[in-house]
Amino acid sequence: MINSLYDRAIKVIPGGVNSPVRSFAGVGKRPVFIERAEGSWLFGVDGKKYVDYIGSWGPMIFGHAWPPLVEALKKQLELSTSIGLATEKEVEFAELLVSMVPGIEKVRLVNSGTEACMTAVRIARGVTGKQKIIKFNGCYHGHADPFLVKAGSGALTFGKPSSLGVPPETVKETLVAEFNDLQSVEQIFENHRNEIAAIIVEPVAGNMGCIPPHETFLKGLRPLATKYGACLIFDEVMTGFRLAAGGAQELFSVQADLVTFGKIIGGGIPVGAVAGKSRWMDCLAPLGPVYQAGTLSGNPLATTAGITMLSELKNNQAVYSTLENKGSRLETGLAEVFQRVGFPVQINRVGSMISIFFTENKVETFADVEQSDMKLFSAFFHEMLGNGVHLPPSGYESWFLTATLSADLIDFTVDAAEKSLKKIIT
Ligand code: PMP
């Protein structure tokens with residue numbers, strides 16, 4: 001059954017998947033196909049079940065098929081799936097976002113994290129009248145052209161496209177700095193005075209595995225952006241409503257100019273958002289000269305999901321300490337197992353985002369991630385899968401915990417890790 005589905009898939013879908021990491025390309029072998037999911041469990045078409053540490057790559061903070069969301073969406077389905085005209089729920093959703101996210105006044109809804117980041121950069125360019133942006137090596141902001149850049153030879157050089165089909169002229173406007181390295185940012189500003197429209201950053205990196213920011217890193221970006229007249233964009237597509245109700249801005253007490261969202265604000269329905277003060281946001285059409293639009297933007301399913309998710313997170317902020325406790329239990333359990341079995345690893349964690357790197361050295365930058373042993377990660381991934389735990393199928397991804405992950409399931413995961421490591425050693 002699994003094989004036949006994959007065989008059918010690769011005939012009609014490039015690589016058999018609609019997003020690359022699902023193909024298991026990072027870990028080899030064929031992907032598992034999933035039939036349904038509930039709470040912290042994934043149910044495969046192979047009849048097996050797996051404890052889920054992907055959570056749809058972030059949105060499922062309350063677990064799969066969370067009953068209040070299912071109920072709200074069912075009700076909305078009968079009313080309309082899309083209208084394409086102004087609705088009350090868009091206003092309610094935006095009001096909720098404004099009430100929860102520090103320092104924002106206005107919100108534009110879009111359909112994905114990619115769109116949100118693309119729009120944020122367009123706003124920054126439109127308002128500042130400058131063209132270049134700074135992004136960080138190893139951070140991901142979706143698949144729009146300006147973001148598909150890898151650092152050129154030596155830091156502080158112009159980036160190169162990391163995908164065919166991206167014009168080199170486009171990525172010439174993207175300068176690549178090192179995460180957790182303020183000096184690399186300052187140097188770029190010095191080299192390109194009056195040319196930089198924006199800095200875009202994942203406040204906690206999650207797309208090279210989980211990498212927390214140094215104490216001074218985010219705090220240092222703020223005055224640099226202000227000094228050089230650039231827009232500071234926090235890409236909170238992953239961290240928004242995951243690390244705290246006010247996201248990384250709240251957790252680290254740093255105020256960005258624009259903030260992007262996705263994932264949790266849709267609870268699994270496609271939605272994204274860009275938000276900021278009116279000074280930035282009012283440049284958008286129809287008010288201002290920066291064009292942006294979307295047939296399905298703010299559609300009633302997205303707004304219903306958003307309102308349901310955010311209302312719960314606003315009224316039940318204890319969920320963040322619960323997630324912290326779960327994360328801590330998992331981290332401690334895994335650290336003990338790795339030590340006992342004798343594997344030197346680094347475990348990075350911020351709240352309910354966690355990653356294991358197979359290396360002896362601290363992992364604070366993309367270069368550090370690249371020093372870690374991805375072959376060992378692949379072996380670990382496959383053993384864990386065999387033991388009923390579905391980790392993200394790549395050593396470059398963060399794992400996401402959900403509120404439904406019980407202490408028993410965490411202990412089950414830690415046992416699975418011990419069995420997996422012992423098997424790898426033999
Ligand atoms: N920014 C970040 C930080 C992300 O993690 C992602 C997706 N993983 C995106 C942007 C792009 O979002 P989407 O896949 O919804 O387009």
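Residues in region 95-102 include at least one that is under 21 Å from the mean Cα position of the chain (by Cα) and farther than 15 Å from Ile265 by Cα. The strands (runs of 3 or more DSSP E) found wholly in region 254-353 and carrying at least 1 residues that are charged (D, E, K, R) and within 20 Å of Cys210 (Cβ to Cβ) occupy 346-350.
Can you tell me which residues in region 104-121 are surrounded by fewer than 20 Cβ atoms within 10 Å (Cβ to Cβ) and over 20 Å from Gly288 (Cβ atoms)? Working first, answer last.
Filtering region 104-121 down to residues surrounded by fewer than 20 Cβ atoms within 10 Å (Cβ to Cβ) leaves 105-106, 112, 114.
The answer is Ser112, Thr114.
Limited to region 343-361, what total is found for residues that are free of Cβ contacts under 8 Å to residues at least 40 places away in the same chain and over 27 Å from Ser321 (Cβ atoms)? Selection size over region 343-361: 5. Of all residues in region 370-390, those satisfying the criterion of being out of contact with any strand residue (DSSP E or B) (no Cβ under 6 Å at 6 or more places or on another chain) and in contact (Cβ under 8 Å) with a residue 40 or more places away in the chain are Met374, Leu376, Phe377, Ser378, Ala379, Phe380, Phe381, His382, Glu383, Leu385.
Looking across region 254-269, the residues that are of a type in the set (A, V, I, L, M) and surrounded by fewer than 24 Cβ atoms within 10 Å (Cβ to Cβ) come down to Val254, Ile269.
Selection of region 157-183 for residues being in contact (Cβ under 8 Å) with a residue 40 or more places away in the chain and either β-branched (Val, Ile, Thr) or in contact with a strand residue (DSSP E or B) (Cβ under 8 Å, 6 or more places away or on another chain) (or both) yields Glu173, Thr174, Leu175, Val176, Ala177, Glu178, Phe179, Asn180. Residues that are closer than 21 Å to Gly58 by Cβ and either without any contact (Cβ under 8 Å) to a residue 60 or more places away in the chain or among the hydroxyl-bearing types (Ser, Thr, Tyr) (or both) within region 9-24 comprise Val17, Asn18, Ser19, Pro20, Ser23, listed in sequence order. Would you be able to say whether some residue in region 258-269 is within 16 Å of the ligand (Cβ to nearest atom) and basic (Lys, Arg)? Looking for residues that are within 16 Å of the ligand (Cβ to nearest atom) and basic (Lys, Arg), one finds at least one in region 258-269, hence yes. Taking residues in region 319-336 that are farther than 25 Å from Ala245 by Cα and in the same structural domain as Val350 (by TED's automatic domain parsing), and partners anywhere that are in a helix (DSSP H, G or I) and small (Gly, Ala, Ser), the pairs with Cβ atoms closer than 8 Å and at least 6 places apart or on different chains are Gly333/Ala417; Leu334/Ala417.
Residues in region 270-280 that are buried (at least 24 other Cβ atoms within 10 Å of the Cβ) and of a type outside the set (Val, Ile, Thr) were compared, and the one that is nearest to the ligand (Cβ to nearest atom) is Gly272. Among Ala116, Ala72, Ala94, Ala86, which is the only one that is in contact with a Lys or Arg (Cβ under 9 Å, 6 or more places away or on another chain), small (Gly, Ala, Ser) and more than 16 Å from the ligand (Cβ to nearest atom)? Going through Ala116, Ala72, Ala94, Ala86 in turn, just one is in contact with a Lys or Arg (Cβ under 9 Å, 6 or more places away or on another chain), small (Gly, Ala, Ser) and more than 16 Å from the ligand (Cβ to nearest atom): Ala94. For region 236-248, name all the residues that are within 12 Å of the ligand (Cβ to nearest atom) and at positive phi. Across region 236-248, the qualifying residue is only Gly247. Among the residues of this structure, Leu251 counts as one that is within 16 Å of the ligand (Cβ to nearest atom), closer than 25 Å to Ser99 by Cα and surrounded by fewer than 23 Cβ atoms within 10 Å (Cβ to Cβ).
Do we have Ala124 as away from the ligand (no atom under 16 Å from the Cβ), closer than 25 Å to Asn194 by Cα and either without any contact (Cβ under 8 Å) to a residue 12 or more places away in the chain or buried (at least 19 other Cβ atoms within 10 Å of the Cβ) (or both) here?
On the way: away from the ligand (no atom under 16 Å from the Cβ): no; closer than 25 Å to Asn194 by Cα: yes; either without any contact (Cβ under 8 Å) to a residue 12 or more places away in the chain or buried (at least 19 other Cβ atoms within 10 Å of the Cβ) (or both): yes.
Criteria not met by Ala124.
When Pro212, Pro161, Pro167, Pro223 are screened for being crowded, with 17+ Cβ neighbours inside 10 Å and more than 20 Å from the chain's Cα centre (by Cα), only Pro161 passes. Of the residues Arg340, Arg329, Arg349, only one is among the charged types (D, E, K, R), over 23 Å from the mean Cα position of the chain (by Cα) and modelled with pLDDT of 95 or more; which? Answer to the check: Arg340.
The values are calculated or read from the model by the stated rules, or taken from the named source; none is laboratory data. Source: prediction; values computed, not measured. With ideal geometry, Cβ positions are generated from the backbone for all residues, glycine too; neighbour counts draw on all protein chains shown.
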